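Chemist: Below is one structure. I have some questions about it.
The values are calculated or read from the model by the stated rules, or taken from the named source; none is laboratory data. Predicted model, so just to flag it, every value in this text is computed and none were measured. Virtual Cβ from ideal backbone geometry, glycine too; neighbours counted across all protein chains shown.
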Amino acid sequence: MVLILIFLKTPRKVVFMHIENFKVFCDLVENQSFSKAAKINNVTQSAVSQQLRTMEKQFKVLIVDRSQKQFRLTPEGEEIFAAYIKILTTYENLENDLMSMQNVLSGEIHVSTVYSIGLHELPPYIKHFLVQYPEINLKVEYRRSNLVYQDIEQSAVDLGLVAYKSNAENLEFIPFKEDNLVFVCSPKHPFSKNRNIQINDFEGANFVAYEKDIPTRKASDEIFEKNNISVNIVKEYDNTETVKNAVEINTGIALIPETSVKQELKQRNLIKLYLPDLDLKRPLYIVHKKGKILSPARQKFIELLTSKFED
């Protein structure tokens, strides 16, 4: 636990605060939510509220304007927040520099990833990384794409893994790799007898889709729109595993990441449909908040993900 001394000009006074308190307050301001700040820092909401009251008592100023319905800092609160950000940045830079000097890699990496990447692309990288750096605690959460972005925006995680890019200007996207999207159907589906088909053959076909806010759904919609094809969407799901299950029982065809159906294709529970005229690449990205300080451990993990790694 690190103790920080703050020297106040008026009145002359020394305030002692733990570095963890700086982070809790900054998370509170960035998320504008006591509950979210509490969740990120594994404390209770009342503990966050108590810390704010303690700060206001120590500095003898009102930090949050309680007359407003929405969360808003007072001018004094803005000043304190700016100072806290500088202190946290300085501390994190110092911590990273010292670890680099000592060639020490430790700490925690918290990753939020969509299911298809986390379950089917990431495992060999995780295994390789943990063998190389056993002292690092690597935590992975599997989420919908919109929640991955939310985790990054709220600083609840260090890194995210997503398919395609968003237009968020405050996020940094690093190319990870490309995977293939494939059309699949059940062995009982008529298309399974003639796998070399044309996109026009999909007109009016039953289609199992991802939900509309999922990037791969947007990719399939663009393919059909570009080729002037109208499919019959019979089911919509938010994850790859349920889409696969629906296709296996012959609910319809689907467009799905190829790595997620390797086993099913091998066992012939699903049939891959070949459309040679379509480019079905899906770009994958590592994402983090712009300006975020990356520890040596996080930098090494990104280096592995962006290397030409083979399991």
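Chemist: Give just the number: which of (1) in contact with a helix residue (DSSP H, G or I) (Cβ under 9 Å, 6 or more places away or on another chain); (2) among the hydrophobic types (A, V, I, L, M, F, W, C); (3) buried (at least 16 other Cβ atoms within 10 Å of the Cβ) does Val148 not satisfy?
Modeler: Exception for Val148: condition (1).
Chemist: Listed residues Ser112, Ser116; which is assigned to a helix (DSSP H, G or I), surrounded by 16 or more Cβ atoms within 10 Å (Cβ to Cβ), assigned by TED's automatic domain parsing to the domain that holds Glu141 and in contact with a helix residue (DSSP H, G or I) (Cβ under 8 Å, 6 or more places away or on another chain)? Steps first, please.
Modeler: Values: Ser112 fails: assigned to a helix (DSSP H, G or I).
Of Ser112, Ser116, the one residue that is assigned to a helix (DSSP H, G or I), surrounded by 16 or more Cβ atoms within 10 Å (Cβ to Cβ), assigned by TED's automatic domain parsing to the domain that holds Glu141 and in contact with a helix residue (DSSP H, G or I) (Cβ under 8 Å, 6 or more places away or on another chain) is Ser116.
Chemist: Contact list please: Cβ distance under 6 Å, first residue in segment 258-269 and closer than 22 Å to Leu284 by Cα, second residue surrounded by fewer than 16 Cβ atoms within 10 Å (Cβ to Cβ) and of a type outside the set (A, V, I, L, M, F, W, C), pairs at least six apart or on different chains.
Modeler: Hits for this filter: Glu258/Asn180.
Chemist: Turning to a different aspect of this structure: How many residues are in contact with a strand residue (DSSP E or B) (Cβ under 7 Å, 6 or more places away or on another chain), surrounded by fewer than 16 Cβ atoms within 10 Å (Cβ to Cβ) and part of a helix (DSSP H, G or I) if we restrict to segment 244-302?
Modeler: Residues that pass the stated criteria total 1.
Chemist: Another one. Would you mention how many residues in segment 19-45 are at pLDDT below 90 and loosely packed, with under 15 Cβ neighbours inside 10 Å?
Modeler: 4
Chemist: Residues in segment 147-168 that are part of a loop (DSSP other than H, G, I, E, B) and under 23 Å from Arg282 (Cβ atoms): how many?
Modeler: So in segment 147-168, the residues part of a loop (DSSP other than H, G, I, E, B) come out as 154-158, 164-168.
Among the residues that remain, those that are also under 23 Å from Arg282 (Cβ atoms) are: 157, 164-168.
Total satisfying the criteria: 6.
Chemist: Among the candidates Phe176, Phe202, single out the residue that is closer than 20 Å to Ser260 by Cβ and touching a residue at least 40 places away in the same chain (Cβ under 8 Å).
Modeler: Values: Phe202 fails: closer than 20 Å to Ser260 by Cβ.
Being closer than 20 Å to Ser260 by Cβ and touching a residue at least 40 places away in the same chain (Cβ under 8 Å) holds for just one of Phe176, Phe202, which is Phe176.
Chemist: Report yes if Asn170 is within 13 Å of the chain's Cα centre (by Cα) and surrounded by fewer than 17 Cβ atoms within 10 Å (Cβ to Cβ), otherwise no.
Modeler: Numbers: within 13 Å of the chain's Cα centre (by Cα): no; surrounded by fewer than 17 Cβ atoms within 10 Å (Cβ to Cβ): yes.
No, not satisfied.
Chemist: In addition: Here is a list of conditions, (1) surrounded by 16 or more Cβ atoms within 10 Å (Cβ to Cβ); (2) more than 16 Å from Val157 (Cα to Cα), and Leu62 meets all of them except one; can you say which number that is?
Modeler: (1)
Chemist: Report, by residue number, each residue of segment 94-128 that is at pLDDT 90 or above and over 19 Å from the mean Cα position of the chain (by Cα).
Modeler: Lys127, His128 - these are the residues of segment 94-128 that are at pLDDT 90 or above and over 19 Å from the mean Cα position of the chain (by Cα).
Chemist: Based on what the data block shows, is Lys289 within 30 Å of Thr251 (Cα to Cα) and touching a helix residue (DSSP H, G or I) at 6+ places or on another chain (Cβ under 7 Å)? If you could, list the steps in order and put the result at the bottom.
Modeler: Numbers: within 30 Å of Thr251 (Cα to Cα): no; touching a helix residue (DSSP H, G or I) at 6+ places or on another chain (Cβ under 7 Å): yes.
Spelling it out, it is not the case that Lys289 is within 30 Å of Thr251 (Cα to Cα) and touching a helix residue (DSSP H, G or I) at 6+ places or on another chain (Cβ under 7 Å).
Chemist: If we keep just the residues of segment 181-206 that are touching a Ser or Thr at 6+ places or on another chain (Cβ under 8 Å) and not in a helix (DSSP H, G or I), which is surrounded by the fewest Cβ atoms within 10 Å (Cβ to Cβ)?
Modeler: We begin by selecting, within segment 181-206, every residue touching a Ser or Thr at 6+ places or on another chain (Cβ under 8 Å); these are 181, 185-186, 192, 203-204, 206.
After this cut, where a residue has to be not in a helix (DSSP H, G or I) as well, the list is 181, 185-186, 203-204, 206.
Working: Leu181: 20, Cys185: 25, Ser186: 19, Glu203: 14, Gly204: 10, Asn206: 17.
Looking at residues that are touching a Ser or Thr at 6+ places or on another chain (Cβ under 8 Å) and not in a helix (DSSP H, G or I), I get Gly204.
Chemist: Still on this structure, I have one more. Here is a check on your reading of the model: is Tyr84 assigned by TED's automatic domain parsing to the domain that holds Asp27, in contact with a Cys (Cβ under 7 Å, 6 or more places away or on another chain) and either surrounded by fewer than 16 Cβ atoms within 10 Å (Cβ to Cβ) or not aliphatic (A, V, I, L, M) (or both)?
Modeler: On the way: assigned by TED's automatic domain parsing to the domain that holds Asp27: yes; in contact with a Cys (Cβ under 7 Å, 6 or more places away or on another chain): yes; either surrounded by fewer than 16 Cβ atoms within 10 Å (Cβ to Cβ) or not aliphatic (A, V, I, L, M) (or both): yes.
Yes, satisfied.
Chemist: Given (1) closer than 30 Å to Lys289 by Cα; (2) not small (Gly, Ala, Ser); (3) not in a helix (DSSP H, G or I), identify the lone condition not met by Arg217.
Modeler: If we test Arg217 against (1) closer than 30 Å to Lys289 by Cα; (2) not small (Gly, Ala, Ser); (3) not in a helix (DSSP H, G or I), just (3) comes out false.
Chemist: Which one of Lys69, Lys13 is surrounded by 12 or more Cβ atoms within 10 Å (Cβ to Cβ) and at pLDDT below 85? Show your work before the answer.
Modeler: On the way: Lys69 fails: surrounded by 12 or more Cβ atoms within 10 Å (Cβ to Cβ).
After applying the criteria, what remains is Lys13.
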